[in-house]
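The values are calculated or read from the model by the stated rules, or taken from the named source; none is laboratory data. Keep in mind the model is a prediction, meaning the values are calculated, not measured. So basically every Cβ, Gly included, is an ideal-geometry build from the backbone, and we count neighbours across all protein chains shown. For the accessible areas, the whole protein counts, side chains as well, though only heavy atoms, and no ligand, DNA or RNA atoms are used. Shrake-Rupley method; radii C 1.70, N 1.55, O 1.52, S 1.80 Å.
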There are 4 protein chains.
Amino acid sequence: MNNQVKELFEECLASSSPEELAILETVLRGFQKKQKNINSSYIGGLLHMERKIKEEYCELTVPISPLLHNSLGIVHGGITATIIDSAMGTLANSILPDGFGAVTSQLNIHYLSVGKGDYLQCKAHIDHKGTKTMVISADVHRSDGKKIAKASGSFFIIRKK
Amino acid sequence: MNNQVKELFEECLASSSPEELAILETVLRGFQKKQKNINSSYIGGLLHMERKIKEEYCELTVPISPLLHNSLGIVHGGITATIIDSAMGTLANSILPDGFGAVTSQLNIHYLSVGKGDYLQCKAHIDHKGTKTMVISADVHRSDGKKIAKASGSFFIIRKK
Amino acid sequence: MNNQVKELFEECLASSSPEELAILETVLRGFQKKQKNINSSYIGGLLHMERKIKEEYCELTVPISPLLHNSLGIVHGGITATIIDSAMGTLANSILPDGFGAVTSQLNIHYLSVGKGDYLQCKAHIDHKGTKTMVISADVHRSDGKKIAKASGSFFIIRKK
Amino acid sequence: MNNQVKELFEECLASSSPEELAILETVLRGFQKKQKNINSSYIGGLLHMERKIKEEYCELTVPISPLLHNSLGIVHGGITATIIDSAMGTLANSILPDGFGAVTSQLNIHYLSVGKGDYLQCKAHIDHKGTKTMVISADVHRSDGKKIAKASGSFFIIRKK
């Protein structure tokens, strides 16, 4: 299989424009981040997510590259949703005691502006923490300071097996 | 830059377990799909999205691999959101006349079950088509037939520049 | 207190236009419906709600009168929400065993068209029934057949005290 | 018709318990508030809504009485939705120039706690104001200070006829 993947890579490389080459590098660096456990998921790696968790809020930053674009050349709404769900989930799990986890049960997003610029930054904070559920809010801003999305989500607290 | 990317690839390859090798292949094949215009975005390529558009509904299928997982080993909620937003957006744009496009203004998702199995399939249909906005619904099922998500979204109709 | 209420009624009556008189009657008939236990809440009575519960769906009908209007002379969005929440809640509670109840934890509504005409009819059905939560959908149509709202809600199953 | 309404009132009065009498009074006072244009809708009157509009926020207060209860004896989720939609709508309309109005296109509510106590207070503020749409947030607190609901809504700006 090793050779097959090598061949595939050579093909990709050979037909890459300079822009595509940069994206190929972004992709491979992202893959490597998961491999090296810098990120805990491939998605986190490929999006080059960086997180800061403080007491009751979580800040997550993602650099914008064409990898994140939809076919119109702006950040895909699903990527914004992924950033939001990651920030909320990270925050939810960070405040739970050992042996408990939080899973998203519902997510509502208002898209306010186009996702473009250098990076997106999402800040999530706890609205409500019950014994079985949590409600978490998040805002996403782009590098020029404009808010591009506002979200709220419900999380279900589960006992991990 | 060519050599730098080659080196990076060699590094990834050298330290890959068999599972990681399979994911590396999935990633490169996805990259190539965008390169060859089989998909219109890197996200579509990397997720290996396949779409079928019929009159007033759109069906989108994505094979599940560890690439889609969150740190708990199940499909990331943001990926499910990406699949939903893609199916809805594809459908919305398919029914608009030339020169018009649709952008997501709001998205609500209920997560009903864990995303796992061979693939996810999302089916979107139009609930309401006005002159300025559309409301679209979508359900996501996994390969064993279980519904894992139910969503509704608002789209804004814009004149393309 | 009896006399005080009587006096208040006389005042209302004395300064009522024919339209206001009709509304006063609607209000009093609604109050009486709760008093006679035809409806289980004052809201149900005042809105003159009628329900039909079938296996896994609930249909709720409300006649439109100026009592339901906002200051623009169309049905208040909150009234549409009340009809939706009532239909969903009635359905949720109807399928639970004795000793259990369902409370709304989240509600999302898309308003599609203006509420006007003779009556509004809401039909709710179960999307998902878990051990701790339910997800329920509902559509609201007006008497001329036009869909005016589409909603989905999350319900939490509780043990009644 | 006058006599018919009088008779109906006498019936209501005659079979009223002291609690019902108090509610009958609340209902009639609410009706009168609309009649006297203290409130601009019957709903606002019956709920005895009081509003304060400041620059970019609106505060709306509603006293709790059994009139607002569902069949479980707590504030009906639809009433909370009505309070939220009223506060948001009032705010939206207050910042628009003459000749323009705002209609709710979508509303999402997280119910966090039981509605009970002396009164509910809703505070709405603008998240986003575009040329065609607005996004507005609102929180509802009860008299003991507990937050019972958190909401966000989309509004469509229309030219009034």
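Computed quantities for the displayed model
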| read-out | value |
| --- | --- |
| Surrounding net charge for B:L67, when Lys and Arg each add one and Asp and Glu each subtract one, Cβ distance under 13 Å | -1 |
| FRET efficiency, 1/(1 + (r/R0)^6) with R0 25 Å, evaluated for B:I38 and B:N2 via beta carbons | 0.55 |
| At least 10 Å² of accessible area lost relative to the chain alone, listed for the stretch B:140-156 with a 1.4 Å probe | B:K147, B:K150, B:S152, B:S154, B:F156 |
| Folded to 0 to 90 degrees: helix B:18-35 orientation relative to chain B principal axis, Cα | 50 |
| Reciprocal mean inverse distance between Cα atoms of the stretch A:1-122 - Kirkwood radius, Å | 16.3 |
| Computed accessible area, C:L13, all protein chains, 1.4 angstrom probe, square angstrom | 10 |
| Rounded to whole Å, sorted largest first: equivalent-ellipsoid semi-axes of the stretch C:1-46, Cα gyration tensor | 21, 15, 6 |
| Cα centroid separation - the stretch D:1-49 against the stretch A:82-144, whole Å | 46 |
| Helix A:2-14 vs. chain A, principal-axis angle (Cα, 0 to 90°, nearest 10) | 80 |
| Per-residue average of Cβ from other chains inside 10 Å of B:38-47 | 5 |
| Phi to ³J(HN,Hα) by Karplus 6.51 cos²θ - 1.76 cosθ + 1.60 over the stretch C:70-79, Hz, x for Gly, Pro | 8, 6, 8, x, 10, 4, 4, x, x, 5 |
| Per-residue mean of C-beta atoms belonging to partner chains within 10 Å, peptide B:98-107 | 6 |
| Per the axis that maps chain C onto chain B, nearest residue of C (Cβ criterion) and its distance in Å | C:N108, 2 |
| Relative contact order, percent, the stretch D:48-159 [alpha-carbon distance under 8 Å, six or more residues apart] | 29 |
| Accessible solvent surface per residue of the protein assembly as shown, calculated while the other protein chains remain in place, 1.4 angstrom probe, Å² | 42 |
| Shortest-first distances to equivalent copies, position C:E56, nm, label 7 Å out along Cβ | 2.3, 4.4, 4.9 |
| Label spacing, shortest first and in nm, from A:G73 to its equivalents in the remaining copies (7 angstrom along Cα→Cβ) | 4.4, 4.8, 6.4 |
| Net charge contributed by nearby residues that have their C-beta within less than 14 Å of C:D98 (K/R +1, D/E -1) | +3 |
| Convex hull volume per residue in cubic angstrom - Cα atoms of the protein assembly as shown | 167 |
| Within 10 Å of each Cβ in A:68-76, the average number of Cβ atoms from other chains | 5 |
| Which listed pairs, of A:K147/C:K132; C:K146/D:K6; C:K116/D:K129; C:K160/D:K6; B:K52/C:K150; A:K6/B:K146, have C-alpha distances above 31 Å, in listed order | A:K147/C:K132; C:K146/D:K6; C:K160/D:K6; A:K6/B:K146 |
| Under Karplus coefficients 6.51, -1.76 and 1.60, residue-wise ³J(HN,Hα) of the stretch B:81-95 in Hz, glycine/proline x | 4, 5, 4, 4, 5, 5, 5, 5, x, 4, 5, 4, 5, 5, 9 |
| Sparsely packed GluC sites (Glu not before Pro) within the stretch C:1-95, loop by DSSP, other Cβ within 10 Å at most 15 | C:E55, C:E56 |
| Distances in nm from D:F100 to the matching label points in the other copies, shortest first (labels 7 Å along Cα to Cβ) | 2.3, 4.6, 4.9 |
